[in-house]
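Accompanying notes for the structure given below.
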Amino acid sequence: MPQEIVKTVQTTIDKKQEKQILEAERVFRRGEISVRDLIAPAAMKVSPRALDIGGKLASTLFVITYPRYIGVGWFTPIVILNLPIDIAMFFYPVASDIVLKQLRNKAGAIEAQLLSDAEKGAPRDPIRETALKDIEQLRDNLVQGTERFFQFALYVTVYADNEKQLEERVEKIENIFGSRLVYVKRVLYQAEQGFNSTMPLGNDEIAVYFNMNSSPCASSFPFTSAELTSDEGVLFGINRHNNSLVLFDRFSLQNGNAVVFATAGAGKSYAVKLEVLRSLMYGTDIIIIDPEREYKYLSDSVGGTFINISLNSEAKINPFDLPRPVGGADRPADIIRSSVITLKGLIRIMVGNLTPEEDSLVDRALIETYAKKDITVESDLHSIDVPTMLDFQEILSGMEGGEGLLLKIKKYTEGTFAGLFSSQTNIDMKNQLVVFSVRDLEDELRPIAIYTIMTYIWSVVRSQLKKRILVIDEAWWLMQHEDSAKFIYALVKRCRKYYLGVTTITQDVNDFLRSPYGQAIVTNSALQLLLKQSPASIDIVAKTFLLTQGERYLLLESGVGEGIFFAGSKHAAIKVVASYAEDQIITSDPRQLLEIEKAKKEFEESIGNKQ
């Protein structure tokens, strides 16, 4: 008995101590600050239409009905809206056998009504007929397993600082929904339940559903990404949304042209060189106009032809060259007329704007210059000796009123810039990769030289039908003069017939897009690659390419080699990725190039020491 009493007393003491410890812990907890204490509002006030959370008002909208058809991405304007909102979507799967039974009964009722109307001689009811077609199609899709059925709930909670601001924001969102024939209602005596339903807790306390199959449910999902993977073509990069391959053949579209816009150092030349390297493996001929000698290492690595155009260079191009007719398709008269028009554009770039009298004089002088070499509308253009700028100067000197033009032309034939245009063409275009470099030319001569190179390339392209890509780097040089801008626009429009794709690259986006010809070049380019943009140019880029607010932010915050890739009507966020071997060939990073050059010298020295 004494032992039992001792145990009872000990148990009582233990319980008292435990109670004291729990009370002490409870008191201690009162003095602690938890995460909930930090994020919780000081107070909440529930009203019929809104919830006041520590001075911030919140009201919830819920969708009650949708139109018969709804487009993909219809919900994007709400998602990108620059307002503080919370969005919640709830999907409740419904068993297909239950839905099929209800659809069968519904279809039977509609068919019976249509038969009854037909027996009574009543006019046809297109609404019922359309509903019956929709039901039958949905039944087929459910049976085949291509669609599933859901009860779908969509809620949007709007936040504001005061009642007036809240009403304005709610009305704005209601208008956006209404413009897509999606009708919403605002909570009434369910403000707290609406707020809870859009919290990241997964609780649906409003429970307002709409019956919907898979396709419209998917179209309501705010984040969409186009698939740009085809069975053949060049790998441009990785889709940043779903990590799929952006694999595309530019010649499978309505035209093979492309434009690349980016700030300096954003990776535009890197992306283009990667496409060039991969296109060479498919047997495509590549011609590049290189203003900064960026493609020299690439050309040397693949055994291409690198042509340096400068005043002291041995490589010469005669702007008076004519394309050879292809299979009788081009008549000599048309070829000569086209060449005269092109040369007049070159003369305008060289000497400035021409008066109507000077324009007429130059036109006549060019025709007589060709005639001096027996090149007329009846000549055989397969075996001719074309004139040079010196011949044009001689003809011009014998014309009345050409003294002023003659003095300006002599600068390019006898003066400081002599030798660039006064010789016959002596370059070889038979290589698969040909690079024209104009880095060593003065800035004043660059637009003239690029224009001349392009006219020569166009003559070569027209003379032989072949799969080719022409890359024009720093194309804003050509946008500075109307004639050169007009020429590149005409080239972009006509090149498809000659199996040519033109890639236009520029970092001076504002000057390029403000030119009417620049806008037209973008319109006639089926492929478009936008990499990182500067805040100064993002507005005009967004307007030209119809970018959403999210896409604007993506281009402003992109890293090197990241951006948006457009192919026809599809586009996706892209990251340009190269293998190690490709990176060593196409890199434009000066630090990396110095390391490669150093490794190359060390290798050559080690070989020399062994020998």
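Points to keep in mind about this one:
- Share antiparallel - DSSP beta bridges, the chain, percent rounded to 5: 65
- The computed mean projected area of the Cα convex hull in nm² for the structure shown corresponds, within (i) 25.4; (ii) 56.6; (iii) 29.1, to (ii).
- Highest mean packing first, where packing is the average number of other Cβ atoms within 10 Å per residue, the peptides 505-513, 370-378 line up as 505-513, 370-378.
- Built amide H within the under 5 Å cut-off of S244, gap 5+: N239
- Estimated from the Cβ-Cβ distance and a Förster radius of 60 angstrom, the FRET efficiency linking E25 and T229 is about 0.50.
- Length gained when the stretch K493-D249 is fully extended (0.36 nm per residue, less Cα-Cα span): 86.0 nm
- Amide H contacts of G501: R468, I469, L470, each under 5 Å away and 5 or more positions distant or on a separate chain (H built 1.01 Å from N in the peptide plane; Pro and chain starts excluded).
- Taking every DSSP helix (H) stretch of at least 4 residues in the chain, weighting each as -39,500 (n - 2.57) and dividing the sum by the residue count yields a mean residue ellipticity at 222 nm of -14500 deg cm²/dmol.
- The H on the amide N of F417, modeled in the peptide plane, is under 5 Å from the matching H of no residue at least 5 residues off or on a different chain.
- For segment 167-253, GluC sites (Glu not before Pro) meeting the loop criterion (DSSP other than H, G, I, E, B) and having at most 16 other Cβ atoms within 10 Å: E205, E227, E232.
- Segments 81-93, 295-307 sorted - mean Cβ within 10 Å per residue, highest first: 295-307, 81-93
FYI, it's all coordinate maths here, none of it is from the lab. Small disclaimer: the values here were computed from a predicted structure and weren't measured. Virtual Cβ from ideal backbone geometry, glycine too; neighbours counted across all protein chains shown.
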